[in-house]
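Engineer: Here's a structure for you.
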Amino acid sequence: MHQSSKWRGKSWGTLGDSITAANMYQPIVSEALGFARTVNYGQSGCPVTAGGDRDYGATVHMARKMDFTLDCVTVFAGVNDYRLAKPLGNRRRRDDVHTFHGAYATLIESILTNNPDCRLNLWTPLHRDKDGFDIYRANEAGHRLVDYVEAVRELAAEYALPVLDLYAESGFNKLTLPFLTSDGLHPNEAGHRRIASMAVSFLERL
């Protein structure tokens, strides 16, 4: 793979859940784009939204703890908010970190307030089919996975942030999940290569 002059020698921070914590797509992207330093803030099993027994690793909290000198920051989360039935909340109530909208807006503002020069970008959740939770089933809060995806898209538009729409364009679906994941949720090596290939071309154009 070639190295892009845009990111060569730069730093990249990845926020997210277990898919990010696995640290499998990052080395591929880093090698291809020439990042000198990659910092992984992924927290397995944790949602974006604050509250509950997984609050320690909520992405909104991790965003406050991150290095604010990073050149590029990626947020790849939301699938656990769906599984844990986190409320979507009201888009006008940005101060409520116990809702998905509020927590996600708070993390965006935290990062950009402390590091306005970084290239913040948002990645939507992938499709899933595990433990009876797929793209069709509504969770206990009455929301489907796509509702969280739409929230990410809306927030990205509001803050003029680039979106890597893995939900719509990755090719992860009910037919390919057995090939691209180990359990219908977590990408295997082939799945991480698929994510990385999309991320490379996406980050190159920022």
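Engineer: Enumerate the amide H contacts of T38 below 5 Å, restricted to partners 5 or more residues apart or on another chain; note that Pro and chain-start residues carry no placed amide H.
Structural biologist: Excluding prolines and chain starts, which carry no amide H, the hits are W12.
Engineer: Now a separate question. List the equivalent ellipsoid semi-axes of the range 46-116 in whole Å, largest first, each obtained as the square root of 5λ for an eigenvalue λ of the Cα gyration tensor.
Structural biologist: 20, 13, 10
Engineer: Also: HN-Hα J couplings of the range 176-186 from phi, Karplus 6.51/-1.76/1.60, θ = phi - 60°, integer Hz, Gly and Pro as x?
Structural biologist: 9, 4, x, 8, 9, 10, 8, 8, x, 9, 8
Engineer: What share of the DSSP beta bridges in the chain is antiparallel, in percent to the nearest 5?
Structural biologist: 10 percent
Engineer: List every residue whose amide H lies under 5 Å from the amide H of D67, counting only residues 5 or more places away in sequence or on a different chain, with H placed 1.01 Å from N in the peptide plane.
Structural biologist: none
Engineer: Would you mind checking K86/K130; K65/K86; K10/K65 for any pair whose Cα atoms are more than 24 angstrom apart?
Structural biologist: none
Engineer: Suppose we keep just the alpha-carbon trace of the range 36-156; what are its Rg and Dmax in angstrom?
Structural biologist: In order Rg, Dmax, the Cα atoms of the range 36-156 give 13.9, 43 Å.
Engineer: Around L120, which amide H atoms from residues at least 5 apart in sequence, or from another chain, sit under 5 Å from its own amide H, with H modelled in the peptide plane?
Structural biologist: Residues meeting the amide H criterion: V73.
Engineer: Go through 102-111, 125-134 and give me the packing order, highest mean Cβ count within 10 Å leading.
Structural biologist: Result, highest mean Cβ count within 10 Å first: 102-111, 125-134.
Engineer: Something else now. Per residue and in Å³, how big is the convex hull formed by the alpha-carbon atoms of the range 1-89?
Structural biologist: It is 96 Å³ per residue.
Engineer: Here's another thing I want to ask about it. Through the Karplus equation 6.51 cos²θ - 1.76 cosθ + 1.60, θ set to phi - 60°, convert the phi angles of the range 117-126 into ³J(HN,Hα) values in whole Hz; use x for Gly and Pro.
Structural biologist: Running phi through 6.51 cos²θ - 1.76 cosθ + 1.60 with θ = phi - 60° gives 8, 6, 9, 7, 9, 10, 10, 6, x, 7 Hz.
Engineer: For K174, go through the aspartates and glutamates and keep the ones whose alpha-carbon is under 14 Å away, minus same-chain ones fewer than eight residues off.
Structural biologist: D129, D131, D134, D183
Engineer: What is the gain in length, in nm to one decimal, between E150 and E189 on full extension, counting 0.36 nm per residue of separation less the C-alpha to C-alpha distance?
Structural biologist: 11.3 nm
Engineer: Let me ask something additional. Based on the alpha-carbon set only, what is the convex hull volume of the chain divided per residue, in Å³?
Structural biologist: 105 Å³
Read-outs throughout are calculated quantities, based only on the coordinates presented, and are distinct from any laboratory measurement. All figures in this text were calculated on a predicted structure; none of them were measured in a lab. Ideal geometry is used to build each Cβ from the backbone, glycine not excepted, and the neighbour counts take in all protein chains shown.
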